[in-house]
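Have a look at the structure below, then the notes.
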Amino acid sequence: MTMEDTELGSRIAYWRERRGVTQKLLADRLGRSKSWIEKVEAGKRSASRLPILISICTELRVDLPVLIGRDLARDTRECIDDVQVEAIRVSLERYDAIGSEMPDDYTPDINQTRRQLAYIWSAFEMADYQVVSMTLPGLLLDVQRTHVILGNAETARDLAEVYLVASSTLRKLGEYDLAWLAGDRGVHVSENADDSTFSALIGSRVANALVAIGRSEAAFNLNISLASRIESDLHGEDDMSAYGHILLQAAMAAAHKGDAISVRDLIREARGVAGHVPDHANHHHLSFGMTNVGVHHVSALVSLGEGGLAVDASKKIGEEGIRMLRPERRANHLVDVARAYSQWGMREEALEKLLEAESLARREVNCRPLARSTIENLMERSSGTPSPTLCALAERTGITV
């Protein structure tokens with residue numbers, strides 16, 4: 001028996017009971033014995049093979065990432081290749097040796113690195129992860145060298161921000177260990193930036209990585225701690241945006257661990273904070289505002305397996321607010337709505353939302369493991385032969401039809 005089997009068994013039992021399905025009924029639907037289900041839920045037998053997991057998801061009406069408590073690994077090499085991953089890994093893991101390995105004629109150019117940082121944020125918000133991945137290794141090295149030479153609060157802030165965008169990108173693309181490492185590096189260096197709110201914001205990236213590897217309880221506790229740390233010292237919309245964003249990340253972690261009450265309370269609190277931040281603001285590149293709270297509410301409901309409620313919640317978000325969001329945020333939301341429709345058994349509507357997301361930000365669909373797993377779920381759940389439109393989408397995202 002492994003910890004993974006024990007956790008998976010507990011999650012299967014949770015969703016089975018939530019759907020009002022008995023062990024005997026689930027066993028019959030899967031063509032298994034009741035004792036097999038009992039052993040799986042007790043962690044004494046593994047159910048980790050993909051065909052078995054897909055069958056369980058179908059019967060319990062839940063997405064695969066929701067059932068296993070984490071996103072699937074990325075299967076495509078289009079968005080970030082092994083060379084880029086290794087370059088980022090080296091920059092993260094060998095930072096302490098940067099000083100001794102620096103060229104003698106290296107001269108810091110803060111203005112250039114900040115232009116590059118603005119460029120990489122722009123690419124991220126456009127969901128152009130290929131550009132981010134190509135730019136990130138060199139930028140990371142330059143900003144690390146600059147901080148080693150100058151070592152002041154400004155260069156610490158710049159380096160922490162590069163770690164932040166690195167962690168956000170790596171998590172989206174399925175490189176969870178590096179996402180955690182980048183976030184951890186960012187927290188460490190941000191202590192020298194003299195900005196507790198920004199430090200907490202980077203800490204939430206560590207929490208996001210914890211969610212991605214299935215440690216939702218730890219992620220929830222970390223986010224709550226970070227929010228509590230800065231709650232009494234908020235100044236202006238930028239601080240409020242960071243605080244509200246961390247509340248939303250705590251809500252997402254709560255959703256991943258099946259805590260619907262905490263999700264409700266945290267979303268309500270974040271909505272109160274959003275009342276002080278206009279929708280068009282984009283402080284810290286978070287797009288935090290009332291619309292973004294609604295977007296996270298939908299995502300949390302999907303993670304809870306409440307597809308119908310998530311669809312209803314999505315219809316309450318104003319179209320004008322959605323149009324203000326950056327393409328990455330909008331496409332990410334459309335994928336969540338697609339997942340909600342899929343959970344609800346409305347596969348045509350789910351496909352329509354995925355196609356809409358693809359037309360808006362193609363790489364948000366074919367680079368993100370979560371989006372790809374949604375397409376795989378639709379393929380698996382299709383009665384008979386999947387539609388030509390769905391097959392074409394699968395082929396465009398590199399999924400074997």
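Worth pointing out:
- Across region 118-138, the number of residues qualifying as within 14 Å of S167 (Cα to Cα), aliphatic (A, V, I, L, M) and modelled with pLDDT of 90 or more comes to 1.
- Residue match in region 109-120 (condition: in a loop (DSSP other than H, G, I, E, B), of a type in the set (D, E), free of Cβ contacts under 8 Å to residues at least 60 places away in the same chain and more than 24 Å from S228 (Cβ to Cβ)): yes
- Out of D177, D142, D105, one residue alone is part of a loop (DSSP other than H, G, I, E, B) and surrounded by fewer than 24 Cβ atoms within 10 Å (Cβ to Cβ). It is D105.
- Scanning region 180-206 for residues that are in a helix (DSSP H, G or I) and among the acidic types (D, E) yields one hit, D184.
- For region 12-54, residues that are among the polar types (S, T, N, Q), within 27 Å of E306 (Cβ to Cβ) and surrounded by fewer than 16 Cβ atoms within 10 Å (Cβ to Cβ) total 2.
- Residue satisfying condition, being free of Cβ contacts under 8 Å to residues at least 60 places away in the same chain and touching a Leu at 6+ places or on another chain (Cβ under 7 Å), within set M252, M240, M290: M240
- Subset tally (residues that are over 16 Å from the mean Cα position of the chain (by Cα), of a type outside the set (S, T, N, Q) and in a helix (DSSP H, G or I)) for region 223-263: 16
- For region 371-389, the criterion of being at pLDDT 90 or above, of a type outside the set (S, T, Y) and not assigned by TED's automatic domain parsing to the domain that holds W15 is met by at least one residue.
- Leading residue by the ranking (surrounded by the fewest Cβ atoms within 10 Å (Cβ to Cβ)) among those in region 343-401 that are closer than 20 Å to G308 by Cα and charged (D, E, K, R): E348
- A search for C-beta distances below 7 Å between a residue of region 32-50 that is in the same structural domain as R16 (by TED's automatic domain parsing) and any residue that is loosely packed, with under 15 Cβ neighbours inside 10 Å and not aromatic (F, W, Y), counting only pairs 6+ apart in sequence or on different chains, returns K34/K24; G43/M1; G43/T6; K44/M1; S48/E4.
- Out of A392, A350, sole residue that is of a type outside the set (D, E, K, R), farther than 19 Å from L301 by Cα and over 16 Å from the mean Cα position of the chain (by Cα): A392
- Just so you know, in region 292-310 the residues that are touching a Phe, Trp or Tyr at 6+ places or on another chain (Cβ under 7 Å) and within 14 Å of A350 (Cα to Cα) include one that is surrounded by the most Cβ atoms within 10 Å (Cβ to Cβ), and it is G307.
The values are calculated or read from the model by the stated rules, or taken from the named source; none is laboratory data. Because the structure is predicted, anything quoted here is derived from the model rather than measured. Positions of Cβ are backbone-derived with ideal geometry, glycine not excepted, and every protein chain shown enters the neighbour counts.
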